[in-house]
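The block underneath contains the structure these notes are about, expressed in structure tokens.
Just so it is clear, none of the values below were taken in a lab; they were calculated from the coordinates. All values derive from a computational prediction rather than experimental measurement. Neighbour counts are summed over all protein chains in view; Cβ atoms, including those assigned to glycine, are modelled from backbone coordinates with ideal geometry.
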There are 2 protein chains.
Amino acid sequence: MPGKTDLSKLNCSLARTLGAVGDWWALLIVRDAFLGLTRFSEFQRSLGVARNILSARLDSLAKAKILAREGTTTRPRYVLTEKGRAMLPVLVAMTQWGDTWQSKGRPPVLLTDASGRPIELMQVRNDAGLIVTAGTIRFRPGPGASPDTRKFLKSLPDK
Amino acid sequence: MPGKTDLSKLNCSLARTLGAVGDWWALLIVRDAFLGLTRFSEFQRSLGVARNILSARLDSLAKAKILAREGTTTRPRYVLTEKGRAMLPVLVAMTQWGDTWQSKGRPPVLLTDASGRPIELMQVRNDAGLIVTAGTIRFRPGPGASPDTRKFLKSLPDK
DNA sequence: CTGTATCCTTAAAGATACTG
DNA sequence: CAGTATCTTTAAGGATACAG
């Protein structure tokens, strides 16, 4: 987008995640990688995205170390790195939200483990395993907090 | 973006989620709503986004029922709906990924519960509580699967 | 304070032709 | 097959002025 603010500069891990992934296409490519697609043409067919766009996204995902090129240079396979595989909770959480709120309870795709057992609904929990909700979650400055972040968090209305 | 494909038409809950949220700005607005911001000007200051853009995003989030306008029409407060609050796992998963992979282990913000207990790292689990990884997750057609989706899933290389 | 209305700029998406 | 190189289009984003 024109004059787009560099999200990665915001002192916020969420913004950094958004900046690293790039855009929706990138996320859908990652999803396809989880599905087992590895070839340029496979992504292209699956997503129907223009080749130049796909090329650029694959490049940026490779630069971000989310995907790695394997095999020959002329016909590489794109495979998830550890960093890429670590995105599974993000994709599953997004998919489950879509299943619940955007698919009228009729999900197009079911997620299971290798034995066909269903995936549990993801929930936020504290270190004792208790569920944390929007009402009980809190945000505190961390070790990487900038002065601005500290000030901002202090200015928040205490919930 | 120009000529942007309508992601919401892809028979995929992830794409529908992306379509509903709209873009990165929308997700950051939702994050701010979790932080407790409710006013137009608060979002504006926090994100530094142009007023017309913010206005459009708030509108589309309200249309998507993720935010609700409360109070007066002239000076509404924007608050998360149940649908919006249900996005917490998505935001936390994204934040945790950023903390781990984009913040060199020095997260700017720590997530806790109301008592200050840390949030656990989110993981994908099956219905027996066992962790499911990129290697063991599977995708099967669901009740809402289109013929295309079924064909596509069948064509995948069995992992 | 909370927007709406313009105008402008620019980058992102698509189409397409071409190359190794 | 896997891209690269152009070209065009168009809509998203920013700035700013104005309104209720």
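Mind telling me which of B:ARG106, B:ARG51, B:ARG75 comes out most flexible in a GNM of chain B, alpha-carbon contacts under 10 Å?
Result for chain B, Cα springs under 10 Å: B:ARG106 fluctuates most.
So what's the convex hull volume per residue for the Cα atoms of the protein assembly as shown, in Å³? Intermediate results must be reported in sequence, preceding the final value.
On the way: hull volume 44.3 nm³, N = 318.
Dividing the Cα hull volume of the protein assembly as shown by its residue count gives 139 Å³.
Averaged across orientations, what area in nm² does the convex hull of the alpha carbons in segment B:67-159 project? Write down the numbers at each step before the final one.
On the way: hull surface 45.1 nm².
Taking the Cα atoms of segment B:67-159, their convex hull projects to 11.3 nm² on average.
How much net charge surrounds B:ARG77 when only other residues with a Cβ under 9 Å from its Cβ are counted (Lys, Arg +1; Asp, Glu -1)? Let's see the in-between values first.
Working: positive: B:ARG39, B:ARG69, B:ARG75; negative: B:GLU70.
Taking every other residue near B:ARG77 into account, the sum is +2.
Where in segment A:76-111 does the label zone of B:SER8 land, with the point 7 angstrom along Cα→C-beta and an amide N cut-off under 14 Å?
Output list for this probe position: A:98, A:101-104.
Quick one: in chain B, whose Cβ comes closest to the B/A rotation axis, and how close in angstrom?
B:ALA93, 2
In whole Hz and in residue order, list the ³J(HN,Hα) couplings for segment B:74-85 that follow from phi through the Karplus curve 6.51 cos²θ - 1.76 cosθ + 1.60, θ = phi - 60°; x for Gly and Pro.
Each residue's phi maps through the Karplus curve to give 6, 9, x, 9, 9, 10, 5, 7, 4, 4, x, 4 Hz.
Send over the per residue convex hull volume for segment B:38-103, Cα only, as a whole number of Å³. Let's see the in-between values first.
Values: hull volume 6.4 nm³, N = 66.
Looking at segment B:38-103, the number lands at 96 Å³ per residue.
Exceeding 30 Å between C-alpha atoms, which entries from my cross-link table qualify? They are A:LYS63/A:LYS151; B:LYS104/B:LYS154; A:LYS9/A:LYS83; A:LYS83/B:LYS63; B:LYS9/B:LYS83. Don't jump to the answer; show the numbers that get you there.
On the way: A:LYS63/A:LYS151 33 Å; B:LYS104/B:LYS154 40 Å; A:LYS9/A:LYS83 20 Å; A:LYS83/B:LYS63 35 Å; B:LYS9/B:LYS83 20 Å.
The answer is A:LYS63/A:LYS151; B:LYS104/B:LYS154; A:LYS83/B:LYS63.
I want to verify a result. In a Gaussian network model of chain A, Cα cutoff 10 Å, which of these has the top mean-square fluctuation: A:ILE53, A:ILE131, A:ILE29?
Most flexible of the set in this elastic network: A:ILE131.
GNM, chain A, Cα, under 10 Å: largest mean-square fluctuation among A:GLU120, A:GLU42, A:GLU82?
Among A:GLU120, A:GLU42, A:GLU82, the largest GNM mean-square fluctuation belongs to A:GLU120.
Based on the Cα coordinates of chain B, what is the per residue volume of their convex hull in Å³?
In chain B, the Cα hull volume divided by residue count equals 191 Å³.
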